[in-house]
Structures are given as structure tokens and as C-alpha cells.
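Here's the structure, in C-alpha cells; my notes come after.
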Amino acid sequence: MTHQHAPKNKRGLWSSRFGFIMASAGSAIGLGNIWKFPYITGMHGGGAFVLFFIFCILTVGIPLMIAEMIIGRHTRKDPVGAFKSLHGGGWLLTGWLGVIAGFLILSYYCVVAGWAVDYLWLSLKGTFTVKHAVQVPEMFANLLSSDLSQLFWQAVFMGMTILIVIGGVKSGLERANKIMMPVLFLILLILAGFGLNSPGGAQALRFLFSPDWSKLDPPAMLEALGHAFFSLSLGMGAMLTYGSYSDEETSIPKVAITVSLMDTLVALLSGLAIFPIVFTYAMEPAAGPGLVFKTLPILFSRMPGGSMIAILFFLLLVFAALTSSISLLEVVVAYYCDEKHWDRRKATLVMGGIIFLLGVPSALSNNILKDLHIIGERNFLDSIDFACTNYILPLGGLLIAIFAGWVMSKGIIKGELLKGSDKINLYPAWRFLIRYVSPILVALVFLNKAGFF
Ligand code: TRP
């Protein structure tokens, strides 16, 4: 403990640059891409929402991911410790906000991931082969109407998350990631290919990419911006924490750009897989959080080898969710390990347990607690998701952007940003984006939503 480098060594590092990319991509790619992106795109009318989302990734997401990773690698700390060691004072709140967001997001994330585990179980039982198209949405309704199964699968998923996080940074996870992610990508590609060849394919393409700008109202803009943060795991220090495990030779801009592009591609592919089914079977694009569960099984019941593909798809979906949930828990655990000096095992078990309990109302929010509306008509789960995505993450992101652009020493940032990079000097472009474009865009979207103009 007294040795100067002890904490740094104790924290562990990714084994390679590739491992770092895969872990960060694993954090970014998750339920946000496959469950959430299609359903919010459906609710906000398609094309214009999608294009604005991509615009946010490019102008805010990528610069902010670079900023978080730089802060993490430079300080080698959890989010609170990082701000404390760089500046202290009120900036600690930014770190705190991140840890709180980690608690909140993971609480309902485990519930939705639990739905995916349930569907993996159903696909193993071969349930999807016998269903008619109309029965598929009913299966989802059945799951939601059972509090017990939701709690059960939520617990299973949280258990898996805890086990992996106890194992630490360099366990089998990195290796598993390297195989599972490319396979997930391939399956989505196949599903999208199938979708686009179905009768609703052309309509789906139009829905996703031809913008009707009148649909992009202030709530849609805020949702798209917030989802750029959610999908890239930004605004709460997850990428900061992952950056803190990076070696000194890796080029952070390269990692951030690669991860962001992969993440966006996966979201678009799942849109291309899901919306053709929506239009082929005259379903409602704005069906809400159940969209992926009500559509894809129809495809599995129709395509050759569908029952095998269903198993593989849900297995990979659960895996994608796990590589994200561990990054959420990791932020909380890193805080208790670094700042409170708990040991990793205790921090993981205690915090995992608390977050599970915090998620119980979300699991019950579709049945027993369905009349408990928190924000507008939204139930408990959707309200927490809405508050985190639309307010906490963009606010955290805004603060981190201001910190990186205006408060942190230019020398430190420039040094970190240029490490491991060769020809192109991205520093001037990055600095312009993080100082002006990102904070102003976030502020404008906030003010717009609040009705200032
Ligand atoms: N990005 C993940 C997804 O798309 C979710 C996630 C993991 C996350 N870590 C995060 C969201 C940190 C916000 C902040 O499913």
C-alpha cells in the first residue's frame, strides 16, 4: 500500500490494444443497440431521428469518448478519484453523478437482460418454431405478466454479472469477447439480409433513412442525443474507467473511433433486421420496449434453420448485455475499491446485491406495479431509463466535455491524445469539438426541450 506504484499495478491492465478495443466495444454494444435503438426509433418516427442520432455520435460521442479515456488513462483512477486527483472541488460531483448513474442504469438493465435470458431459454425449448406470427407478441405479454419469472431471470443475469466482475479485468472475458462479437455481427447481417428481402424491406429502408424532419421535435432530439450517450456508454465514467486500464502505447482516438463506428453499425443492422418484420406483418413501429421480442421470433419461425439461429441470436444478445452490464458494475466497484479501499470481492457482492434490489420495482413494473407511473405515463422501469438517458448522462457528458475542454491542462491532454498515434494529428479537431461543438449542442438540446426557443 505504501509503495508508490502499488495501486497502479494492482488495478491490472488490458492485455493488448485489441483487448482494450474489444472490451470497450463490448461495453458499448449491448441492449442499447438491439433492444433500445429500434424501439425508440420506432416511437420517434424513423429517418430524421436516426440521422440526428448519427450526427450526435460524430460531433459529441466520439470526442467525449476520447476525453473520458484520456482522463482515465492519465489518472488511473475510478471516476470520482480521477476528478479528485485532477482538480477536486465541485468537479467531484461529476464523478459522483457517474457512480449514481451506474447504480440506476444497471438496476433496470438486468431486468431487460433477464427478458433476453428468458428468450434464450424459450429458444432452447424450441418454442419459436411452432408459433404463428400473431402468437409471438402474446408470448412477450405472458413474460411481462409474470413477476416471478422476471425476478428469476433478473437474478440469474445479475449473478452472472457479479461472477465476471469478481474475476477482474483480464479474466476469460477478453478472450470470449473476441469470438462472440464478430459472430453477433454476422448473425445480425444475416437477419438484416433476410429482412430486406421480405415484402416489408423497402418500406423499412425508407422508414429508417428517409427523414421527415417534422418528426424531429425537441423530445425526439433529446432522446437521440441521450441515446448516443447510452449506446456509447458515455457520460458516467464507464469509458473513463476502461481507459484507466489501458497501456501507454495505445492510440486512444483510434480506439474511440473504431468502437463508435462498430456500435453505430450494430444499431443500424438491428434496425434493418427488425423493421422489415414490422412492416411485413403490419405491426406498430411505435410498439415500445417489447419491439425486438415481438418481431424477431417471427423471423426465426419462418427462415430455414431458424430455431438454431434463434438460439445463437439470444445467446449472443445475452452475451452482449453481459459485456455491457459488467462495465456498469465495474464503475461502481472501481469506486469502492479505489476510494473506500474495499476488496474487489466484497465491493462486487455488496453493490451487486444492492443494485439487484434497486431493480426489483423495475421487474415488477409491468405487472403488480404497472399503475405506478413516475414520469408521465411511464412505468417505473421506463421512468428510470428515461431519466438516466435524457438527463443524467447528457448532464454528465456536458460536465466532462467542459472539464476536458476548458479545465484540464492542455499539455496533459495533448500528450495523452498523441500517444501511439502516427501520422494524423487529431488534436486541433478534437479540441474544437470538445470545447465548442459538444457542450453547445448538449446545451441547445436541453434548452430546446425546456421550451426556451
Ligand atoms: N452501452 C450499453 C448498451 O448500449 C449500456 C451501457 C454500458 C452503458 N455501460 C454504460 C450506458 C455506461 C451508459 C453508461 O447497451
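The values are calculated or read from the model by the stated rules, or taken from the named source; none is laboratory data. None of these values were measured; they are calculated from a predicted model. Cβ atoms come from the backbone with ideal geometry, glycine included; neighbour counts cover every protein chain shown. Just the protein is used for accessible areas: all its heavy atoms, side chains included, with ligands, DNA and RNA removed. Shrake-Rupley method; radii C 1.70, N 1.55, O 1.52, S 1.80 Å.
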Report task. Please state which of the following conditions G102 fails to meet, knowing it meets all the rest: (1) within 16 Å of the ligand (Cβ to nearest atom); (2) at pLDDT below 95; (3) not basic (K, R). Result -> (2)
Query - First in the range 222-247 and assigned to a loop (DSSP other than H, G, I, E, B), second anywhere and within 8 Å of the ligand (Cβ to nearest atom) and among the polar types (S, T, N, Q), Cβ under 9 Å, 6 or more apart - result: L232/S27; S233/S27; S233/S324; S233/S327
Report summary line: By residue number, the members of the range 180-201 that are more than 21 Å from the chain's Cα centre (by Cα) and open to solvent by 60 Å² or more (accessible area, probe 1.4 Å) are I190, F194, L196, N197, P199
Query raised in the report: Residues G226, G237: which one is within 25 Å of A101 (Cα to Cα), in contact with a Pro (Cβ under 8 Å, 6 or more places away or on another chain) and more than 9 Å from the ligand (Cβ to nearest atom)?
Result: G226
Requested in this report: Output the residues belonging to the range 292-310 that are farther than 15 Å from G195 by Cα and either open to solvent by less than 40 Å² (accessible area, probe 1.4 Å) or among the aromatic types (F, W, Y) (or both).
Outcome: F293
Query raised in the report: Could you give every pair whose Cβ atoms fall below 6 Å, whose first residue belongs to the range 116-135 and is under 18 Å from A321 (Cα atoms), and whose second residue is assigned to a helix (DSSP H, G or I) and open to solvent by 30 Å² or more (accessible area, probe 1.4 Å), counting only separations of at least 6 or pairs across chains?
Result: V117/W153; V117/V156; D118/W153; L120/L315; S123/I311
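Conditions (1) in a helix (DSSP H, G or I); (2) hydroxyl-bearing (S, T, Y); (3) over 17 Å from Y336 (Cβ atoms), marked per residue:
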| position | (1), (2), (3) |
| --- | --- |
| S15 | no, yes, yes |
| F18 | yes, no, yes |
| M22 | yes, no, yes |
| I57 | yes, no, yes |
| K77 | no, no, no |
| V80 | yes, no, no |
Report task. Please work out if V130 is among the aliphatic types (A, V, I, L, M) and either exposed (fewer than 15 other Cβ atoms within 10 Å of the Cβ) or over 26 Å from the mean Cα position of the chain (by Cα) (or both). Result -> yes
Query - Hey, I40 in contact (Cβ under 8 Å) with a residue 24 or more places away in the chain, within 16 Å of the ligand (Cβ to nearest atom) and either open to solvent by 10 Å² or more (accessible area, probe 1.4 Å) or not in a helix (DSSP H, G or I) (or both) or not - result: no
Report summary line: For the range 227-265 the number of residues that are among the aliphatic types (A, V, I, L, M) and touching a Phe, Trp or Tyr at 6+ places or on another chain (Cβ under 7 Å) is 2
Query raised in the report: Does S409 meet the test of being away from the ligand (no atom under 14 Å from the Cβ), open to solvent by 40 Å² or more (accessible area, probe 1.4 Å) and polar (S, T, N, Q)?
Result: yes
Query raised in the report: In the range 269-323, how many are within 17 Å of the chain's Cα centre (by Cα) and at positive phi?
Result: 0
Query raised in the report: Consider S325 against the criteria (1) of a type outside the set (A, V, I, L, M); (2) within 11 Å of the ligand (Cβ to nearest atom); (3) free of Cβ contacts under 8 Å to residues at least 12 places away in the same chain: it satisfies all of them except one. Which criterion is unmet?
Result: (3)
Query raised in the report: Pairs under 6 Å by beta carbon, first residue within 11 Å of the ligand (Cβ to nearest atom) in the range 386-400, partner basic (K, R) and assigned to a helix (DSSP H, G or I), six or more apart or different chains?
Result: none
Report summary line: Restricting the range 334-350 to residues that are hydrophobic (A, V, I, L, M, F, W, C) and free of Cβ contacts under 8 Å to residues at least 60 places away in the same chain, the one least open to solvent (accessible area, probe 1.4 Å) turns out to be A347
Requested in this report: Report, by residue number, each residue of the range 251-291 that is among the aliphatic types (A, V, I, L, M), assigned to a helix (DSSP H, G or I) and open to solvent by 10 Å² or more (accessible area, probe 1.4 Å).
Outcome: I257, L261, M262, L265, L268, L269, L272
